[in-house]
1. Just check segment 276-406 against the gyration tensor rule for me: Cα atoms, a ≥ b ≥ c as the square roots of the eigenvalues, rounded for a/c under 1.5, and otherwise prolate or oblate depending on whether a/b exceeds b/c.
2. Relative to the first principal axis of the alpha-carbon coordinates of the chain, what is the inclination of helix 205-222, with its axis defined by its Cα atoms, in degrees from 0 to 90 and to the nearest 10?
3. Using Cα centres only, tell me the gap between segment 202-223 and segment 33-73 in whole Å.
4. Quick check on segment 360-406: take the gyration tensor over C-alpha atoms, sort the square-rooted eigenvalues as a ≥ b ≥ c, and tell me if it's rounded (a/c under 1.5), prolate or oblate.
5. Taking square-rooted eigenvalues a ≥ b ≥ c of the alpha carbon gyration tensor, is segment 307-349 rounded, prolate or oblate, where a/c under 1.5 means rounded and, failing that, a/b exceeding b/c means prolate?
6. Compute the length gained on full extension between residue 357 and residue 257: take 0.36 nm times their separation in residues and subtract their Cα-Cα distance, giving the result in nm to one decimal.
7. Only helical DSSP H runs with n ≥ 4 go in: add -39500 (n - 2.57) per run for the chain, normalise by residue count and round the 222 nm mean residue ellipticity to 500 deg cm²/dmol.
8. Normalising by the residue count of segment 66-131, find the relative contact order in percent from Cα pairs under 8 Å and 6+ residues apart.
Ligand SMILES: C[S@@+](CC[C@H](N)C(=O)[O-])C[C@H]1O[C@@H](n2cnc3c(N)ncnc32)[C@H](O)[C@@H]1O
Ligand SMILES: [Zn+2]
């Protein structure tokens, strides 16, 4: 079909990302003062910093396509300039249909132009609806998608219910959350309202944020007798992202509800533990130092990465020439290794600060933990973070020893 004539009524430029060229708002024109956040000031949202987010989406969906080994349908209900949907159609082998949608007419015109620019009009359908209406229209059995990517402003929660209903059995849901102030405990009440769980301002609050979003997905899905397993997640820059595979069946829903629980935390000695129920534990004192503990949840206590899925993504990254491929390789190898590691991580600087100690290197701390027979893993969440099964007081002691021997 011939493209309707396109002429943007705002400053634009053409950029290359992945395998596509797209027209996007010229961000320089919207940064009048240093404090201006140009992506939101432009009439159509576009954030170049999210390239890594889009790269990982391409790799995850390609890994998923190879896993199910058939052609897949994808939906991006909040597409803006269309950059993500256009990339999914152009870069994923076995993508048989991509539906992109936005409520903004200006965004839609730009997205449609980008589809034509990349000659993808046979593969991509463009809609102009409220995202929930669109997804609800795709809730019937033969209309469902294999993959849905929810990448909104702020919280994805308003779209989770319709997205879960619009996924076929074993489909994959990806959701971005940029509302880290609630999720990391700065606005705790907003987090309880939106995500149904209490956050906590700890050094590992970004992991708690992933677990709160995953817990919310599991709770929403369970209402429809759908279970979830989280195959991949990451925390990068100013956002978190969760990839959850769904599975139809009341038993699967029950199993994922069983994966919900609480993280108890002692702000005095850094002890942390997980618990399925809060009632009795909440009133307990910290088993290591006797202080009163605080808590986060209910949230997802299950796995937040699947080793095999991460490996598949690593293979796709090797096959694909992406601008960020080195950064992605590092992130994926860390994620793959932390898949089997204990929940929550310590941050060296945080402990050193509290103990008024010099700050040892991460490798020295990991080595000391290994030497004492404990598990020790770095984490993609924080370059100065580590996961271990060592008790908090042992971690403190080890840090003291490490700096005294350096
Ligand atoms: C953060 S932007 C999407 C960015 C895009 N996914 C990307 O990777 O560049 C969010 C988009 O959602 C659109 N939007 C907001 N509310 C919506 C709704 N209820 N239904 C459909 N689109 C909506 C906005 O117009 C905006 O273009
Ligand atoms: Zn304690």
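Taken together, the values in this text are just the output of simple stated rules run on the coordinates, not laboratory data. Computed from a prediction, not measured in an experiment: that's the story for all the values here. Glycine gets a Cβ as well: all are built from the backbone with ideal geometry, and neighbour counts include every protein chain shown.
1. Values: a/c = 2.50, a/b = 1.35, b/c = 1.85.
Here segment 276-406 falls in the oblate category.
2. Between helix and principal axis, roughly 60 degrees.
3. Value for the Cα centre distance between the two parts: 21 Å.
4. oblate
5. Numbers: a/c = 5.19, a/b = 1.67, b/c = 3.10.
Verdict is oblate for segment 307-349.
6. Working: separation 100, 0.36 × 100 = 36.00 nm, distance 4.19 nm.
Length difference between fully extended and current span is 31.8 nm.
7. Values: 16 runs with 162 residues, N = 406.
Value at 222 nm, helices only, nearest 500: -12000 deg cm²/dmol.
8. Working: 121 pairs, mean separation 24.1, N = 66.
Reported relative contact order: 37 percent.
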